[in-house]
Every structure is written in C-alpha cells, then in structure tokens.
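Working notes, structure below.
The values are calculated or read from the model by the stated rules, or taken from the named source; none is laboratory data. On a predicted model such as this, the values are computed, not experimentally measured, just so you know. When we count neighbours, we look across all protein chains shown, and the Cβ atoms used for this are built from the backbone with ideal geometry, even at glycine.
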Amino acid sequence: MSAIIGFALLSLIGAWWGPPATLAADTSTAPVTGSPQSIKVELLRIDGEFYIVKDETGKERRLHVGGDTEVYGQIKPGDLIEVWVQPDGHVKTIMIVKSAPAAN
C-alpha cells in the first residue's frame, strides 16, 4: 500500500515539476489553443522551414515557419524581427523591426 502511495506522490511531483507547457513538445493533432507569444529576435539563417534566430539573451533558437505563417516584408539574415510563436513552437506571424544593413 505504501508503494502505491509513494508512486502516486512521485507521479504528482513529476507532473508539477515537468517542463512548462510553452516548452513541451506538442505531439497531438489537436488545434493549438493558446495565444501566441511575441518575441524580438535576430535572424541568423533560414534552414528550410526553420528560422535559426538569436534572442535578446544571446540564446539561439530554431523556429518553425510554414505556409500558413504571415510574413510582412522580405525577411533576410541579419534582420531584427518580431515573431509571434504559438505554444507548439510554430510561428504565426513575422514582422521586420529593423532591416539588416545592405551588403556592399
């Protein structure tokens, strides 16, 4: 009996201590219901459907950009962009905040 209580307690602590919902991978096919989070990042490079960006703390992130992503402007590496990221990591909207300097 005490083993069952111990297991239940560990399960409860694990569920409480787990990763935040915004960082957890979404493996379901259900539609995303949370509000997108807005962040400003520098675009380092584009790798297929993924944008590799650097956030304000210097951490590199990989963001998914698909056919349903709203893109305002011609985004290029070096641009400071604002992205609205859904809880599952998919970018809903991208907008240029400051364009990268033109190459000579």
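Taken over region 55-70, the criterion of being assigned to a strand (DSSP E or B) and surrounded by 14 or more Cβ atoms within 10 Å (Cβ to Cβ) is satisfied by R61, L63, H64.
Any residue in region 50-71 that is under 14 Å from E82 (Cα atoms) sitting within a Cβ distance under 6 Å of a residue that is of a type in the set (S, T, N, Q) and surrounded by 14 or more Cβ atoms within 10 Å (Cβ to Cβ)? List the pairs, counting only those 6 or more apart or interchain. Hits for this filter: E70/T93. Return a yes/no flag: does region 15-37 have any residue that is surrounded by 10 or more Cβ atoms within 10 Å (Cβ to Cβ), among the charged types (D, E, K, R) and either at pLDDT 85 or above or in a strand (DSSP E or B) (or both). No, there is no match, as no residue in region 15-37 is surrounded by 10 or more Cβ atoms within 10 Å (Cβ to Cβ), among the charged types (D, E, K, R) and either at pLDDT 85 or above or in a strand (DSSP E or B) (or both). Here L44 clears all of (1) surrounded by 14 or more Cβ atoms within 10 Å (Cβ to Cβ); (2) on the phi > 0 side of the Ramachandran plot except the condition numbered (2). Looking only at region 83-101, residues that are within 18 Å of R45 (Cβ to Cβ) and of a type outside the set (V, I, T) come to 5 in all. Restricted to region 79-104, and to residues there that are small (G, A, S) and touching a residue at least 12 places away in the same chain (Cβ under 8 Å), the residue that is nearest to G34 (Cα to Cα) is G89.
In this structure, E82 does not satisfy being among the acidic types (D, E), within 25 Å of A103 (Cα to Cα) and in a loop (DSSP other than H, G, I, E, B).
With respect to the conditions (1) crowded, with 16+ Cβ neighbours inside 10 Å; (2) over 15 Å from the mean Cα position of the chain (by Cα); (3) of a type in the set (V, I, T), V91 lacks only one, and its number is (2).
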